[in-house]
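Below: one structure, written as structure tokens.
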Amino acid sequence: MAASGPLYMGFDLSTQQLKGVVVDSQLKHQHEAKVDFDADFGEKYGIEKGVLTNPSEGEIYAPVGMWLEAVDLVLSRLREDGLDFSRVKGVSGAGMQHGTVFWSQQAESLLSSLDAKKSLVEQLEPSAHKDERKGAFSHPDSPNWQDHSTQKQCDKFDAELGSPETLAEATGSGAHHRFSGPQIMRFKSKYPDHYKETSRISLVSSFLASVFLGKFAPIDISDVTGMNLWHIKEGKWNEKLLALAAGSTEGAAELKQKLGHVPEDGGASFGHISKYFVQRYGFAQDCNIVPMTGDNPATILALPLQASDAMVSLGTSTTFLMSTPQYKPDPAYHFMNHPTTAGLYMFMLCYKNGGLAREHIRDAINGNKTDRSWDKFNEVALSTPPMDQRSSSDPMRMGLYFPRPEIVPNVRAGQWRYEYDASSNKLNQTSAEQSVDADARGIVESQMLSLRLRSAALVSGHEINGKKLPPQPRRVYLVGGGSANPAIARIIGDVLGGAEGIYKLDIGGNACALGGAYKAVWGCERRGKQTFEQLVEERWDEDAFVKRVADGYREGVFEKYGEALRGFEAMEKEVVKATSEGVHAQDNEGGFMAPQN
Ligand SMILES: Nc1ncnc2c1ncn2[C@@H]1O[C@H](COP(=O)(O)OP(=O)(O)O)[C@@H](O)[C@H]1O
Ligand SMILES: O=C(CO)[C@@H](O)[C@H](O)COP(=O)(O)O
């Protein structure tokens, strides 16, 4: 018997891939497909790890035409996977946060009159085909979240409302290089003609929603909080910050128009899918486009996350996510609107040196760049003792591994190694002459110590089998490409704890797209005021959807990392101070460093 019943589709347009996941009403996974930008388009667009770079200015960006090609390709791969598009009743998803897309004056008329016999890129971005016709974009590229060209603009954003603290209080974050407000400010001054020609500025998420909708889709209520332009508590654009980005008070009105209205409800359909997709792929005509959100907000929708749970997303970036009713902003981290539930917030830490920095150590351990296996990395990581401390009289060894300039803390690229004696609280910088093998455990410990340090105020104690445990997350859920790695999961449990353990979603590598698909289910099937959490809990199948992959809290080990935290915090302070004073031997601005053995 042919399968029936509605299906829901979620996308994840992130740094290195476009992924699509399809689920049914019961949240069960049905289909998935992906486009890998380097593998599928590396040569054509000249990208590496999904992006183009201009190191002299710290710019990192991606060609929008490539993403359009990816949309057609991922849909054709879903068709090859057997998807019956006529059953798809809702589409939602996510885009990497902060990135902006600049639409031209003729964009909406092009979007609404697409010919189903031709590809999206041919019609919307003809210049990607060396065609001189005007396309739908006033600028061909979208700044990527790894871009770090906006220090000057960030200084102005931090000062505009009085201090980084007041900016964070208003917008949920201090100024960050990648945030859309500082990026738009720089774009306007670098490309004044392109800015003038822009009819609409989308985020990556609302760009993707616009393509499916066939007209401009509004910016999402959660993703808008990654711009440094939205006043979270007032629920509206901050006029002073708009004027700063646009260069004048009159400019603020024009910018507000280019950004458009932001609806409060993350679940209300924007309308039906564009006829291009109905004719080309056979989507149902009444398929709804439900607001697409940022990749991290979508990730927290992939499971019924409780307030005391943490998610660690091991993608290109490493991010730490919690859903919380508390709003306690600070320039060191981010608070964002929850994508579905008013009154909840998403707490986030985001590191630029995540997956690529771990790969960098993996390649050094493997001794060559062609062997991409994680086996040796995992083997040495698990055979190295916590903090590389072989006996209690040895100092702890720790380091910072930043092949690219880092966000948390804001320092330029470099690699530093230290020894820390916890009993005397003494910290010494050591030379880079250490065996690279110790770096496998070292880099994961370093990343996790940073997360533990900064999330300490949000976690609380738990009682397990009548025993009181120190403050830590109840569960840690791992998602993103790196969640497939058991050694990394083990070390994460050692450092972060996790009263009930470390868990992984069944399709953890696709959690973000999955969260997007669940959002589509909620947008289309919610009853009255049913919240996203209520709907997901009602349909959640714990045994099928999540797996416990490692122990969390281990008595003794967790406490040892607690001691290491003091040294880690001091090390970071020393590195930040030294780099800001320019006293720094081993750094390397911009690109990747040569392995240091
Ligand atoms: N077995 C593994 N161990 C560690 N890292 C892995 C493993 N498999 C994939 N990765 C990492 O996952 C990253 C991609 O994750 P993904 O979530 O798909 O990225 P993004 O969403 O940023 O495009 C790669 O950079 C790679 O380093
Ligand atoms: O900048 C951030 C969050 O603030 C990044 O998390 C991006 O949203 C992209 O992440 P990947 O999914 O590509 O790692």
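Count Lys and Arg as plus one, Asp and Glu as minus one, and take only other residues whose Cβ is under 13 Å from that of THR384; the net charge is then -2. Placing unit charges on the Cβ atoms only, positive for Lys and Arg and negative for Asp and Glu, gives the chain a dipole magnitude near 680 debye about its Cα centre.
State to the nearest 20 debye the size of the charge dipole of the range 414-534 about its Cα centre, where the only charges are +1 on K and R beta carbons and -1 on D and E beta carbons.
640 debye
Counted residue by residue at 0.36 nm each, then reduced by the alpha carbon distance between them, the extension gain from SER163 to SER109 reaches 15.2 nm. From the alpha carbon centroid of the range 395-425 to that of the range 457-531 is 27 Å. Separation of the alpha carbons by more than 18 angstrom is noted, of LYS188/LYS258; LYS34/LYS376; LYS28/LYS89, for LYS34/LYS376.
What percent antiparallel are the DSSP beta bridges of the chain, to the nearest 5? In the chain, approximately 75 percent of DSSP beta bridges are antiparallel ones.
Please state the shape class of the range 225-348: rounded when a/c is under 1.5, otherwise prolate if a/b exceeds b/c and oblate if not, all from the C-alpha gyration tensor. Note, shape of the range 225-348 comes out oblate. Taking a ≥ b ≥ c as the square roots of the eigenvalues of the Cα gyration tensor, the range 7-296 is classed as prolate, since a/c reaches at least 1.5 and a/b is larger than b/c. Per residue of the chain, the DSSP helices (runs of n ≥ 4 H) give a summed -39500 (n - 2.57) that works out to -10500 deg cm²/dmol at 222 nm. Here is the list for the range 96-192: trypsin sites (Lys or Arg not before Pro) lying in DSSP coil, each with at most 16 other C-beta atoms within 10 angstrom of its C-beta, are LYS117, LYS118, LYS130, ARG133, LYS134. Quick one: grab the alpha carbon gyration tensor of the range 79-119, order the square roots of its eigenvalues as a ≥ b ≥ c, and give me rounded if a/c is under 1.5, else prolate or oblate depending on whether a/b is larger than b/c. In terms of gyration-tensor shape, oblate. When DSSP beta bridges are restricted to pairs lying wholly in the range 7-296, around 70% turn out antiparallel. Its relative contact order, with pairs defined as Cα atoms under 8 Å and 6+ residues apart, puts the chain at 15 percent. A DSSP coil position with no more than 16 other Cβ atoms inside 10 Å describes the following GluC sites (Glu not before Pro) in the range 545-579: GLU555.
FYI, it's all coordinate maths here, none of it is from the lab. A quick note: this is a predicted structure, and the numbers were derived from the prediction, not measured. Every residue, glycine as well, gets a Cβ built from its backbone with ideal geometry; the counts of neighbours run over all protein chains shown.
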